[in-house]
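What follows draws every value from the coordinates through simple rules; no lab data is involved. Everything numeric in this text was worked out from a predicted model, so none of it was measured. Cβ coordinates were reconstructed from backbone atoms using ideal geometry, including for glycine residues, and neighbour counts include every protein chain displayed.
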Amino acid sequence: MRFIFLRHPQTVANEMGYIYGKKDYPYTILGEEQLLEAVKLSDRFTYDRIISSPLGRAKRLAEAVAEHCDSSLSEAKELEEMSYGVLEGLTIEEGRAKYPELMDAFMEGEPSYTIPEGETSEAFFDRIKDFLDDHLRGDEALLIVSHGGVIRTAIEYLLATEPGFSWQLEVGNGSFIEIVCKDGYHRLKNIINQS
């Protein structure tokens with residue numbers, strides 16, 4: 001089994017430093033360039049099919065890659081970014097001003113802490129884990145077009161690392177990370193970073 005993870009291009013929210021998961025924002029000018037480059041870079045990989053987050057910033061890239069390589073495309077809600085609830089659309093500074101105690105708990109990363117109208121880190125981890133476990137039983141190569149939090153969580157789960165390890169890796173917008181899973185061993189094979 002091979003997972004090739006592709007992060008969506010830069011959005012206005014990335015550029016502005018917003019906390020966001022479920023909200024969608026358009027690509028920046030750089031994001032539009034990253035979309036074109038990611039489509040070209042997808043030729044470096046072989047894969048059987050593409051599965052995308054249904055959120056627009058990932059889906060638009062997945063559709064462009066699928067059209068480029070004439071590949072099948074499906075969506076999986078499990079690949080959506082984490083829901084940040086009432087913090088969605090705020091910068092860290094705005095979050096601290098509006099919800100100081102909430103931001104302290106959020107920044108500490110307590111796994112069972114629920115952001116009002118959002119989801120816990122535990123619930124987020126579990127849905128990514130369940131998606132990966134369902135596909136680990138197969139023997140195909142999947143191009144997964146998704147989000148930074150999803151990809152970092154997948155890396156930590158598949159490579160059995162400590163939570164937070166993936167923040168030591170650069171997972172830039174429009175970047176690819178390939179993980180090969182064979183005979184019970186999972187290894188990082190390839191990283192192509194655009195940013």
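All other residues with a Cβ under 12 Å from the Cβ of Gly21 taken together, and with Lys, Arg as +1 and Asp, Glu as -1, what is their net charge?
Values: positive: Lys22, Lys23, Arg57; negative: Asp24, Glu80, Glu81, Glu88, Glu117, Glu119.
Around Gly21, the surrounding residues sum to -3.
Rounded, prolate or oblate, given the Cα gyration tensor of region 120-189, with a/c below 1.5 counting as rounded? If you can, show how the numbers build up before the last one.
On the way: a/c = 1.40, a/b = 1.18, b/c = 1.19.
Judged from the Cα gyration tensor, region 120-189 comes out rounded (a/c under 1.5).
Over the chain, what is the mean sequence separation of C-alpha contacts under 8 Å (at least six apart), divided by residue count, expressed as relative contact order in percent? Could you put the intermediate results ahead of the total?
Values: 363 pairs, mean separation 62.4, N = 195.
The normalised contact order for the chain reaches 32 percent.
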Table column - 3J(HN,Hα) (Hz), region 24-31, Karplus curve with 6.51, -1.76, 1.60, x for Gly and Pro = 10, 10, x, 5, 7, 4, 4, x
query = Using θ = phi - 60° and the Karplus curve 6.51 cos²θ - 1.76 cosθ + 1.60, what whole-Hz ³J(HN,Hα) does each residue of region 69-85 get, with Gly and Pro shown as x?
reply = 9, 6, 10, 6, 9, 10, 10, 9, 4, 4, 8, 5, 5, 4, 8, 9, x
task = Can you check what the net charge comes to around Glu170, using other residues whose Cβ is under 14 Å from the Cβ of Glu170 (Lys, Arg +1; Asp, Glu -1)?
result = +2
inquiry  = Counting only other residues whose beta carbon sits under 14 Å from that of Gln10, what net charge do I get with K and R as +1, D and E as -1?
reply    = -3
ask   = Considering every Cα-Cα pair within the chain, what fraction, in whole percent, is farther apart than 31 Å?
value = 15 percent
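May I ask you to sort Phe3, Phe125 by Cβ crowding, counting other Cβ atoms within 10 Å and putting the fewest first?
Working: Phe3 25, Phe125 18.
So the residues, fewest neighbours to most, are Phe125, Phe3.
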key: Amide H contacts under 5 Å for Phe45, placed H, 5+ residues apart   = none
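Looking at region 96-150, which GluC sites (Glu not before Pro) are DSSP coil and have at most 13 other C-beta atoms within 10 Å of their C-beta?
Numbers: sites: Glu101, Glu108, Glu117, Glu119, Glu122, Glu140; in loops: Glu117, Glu119, Glu140.
Those that pass, being in a loop and sparsely packed, are Glu117, Glu140.
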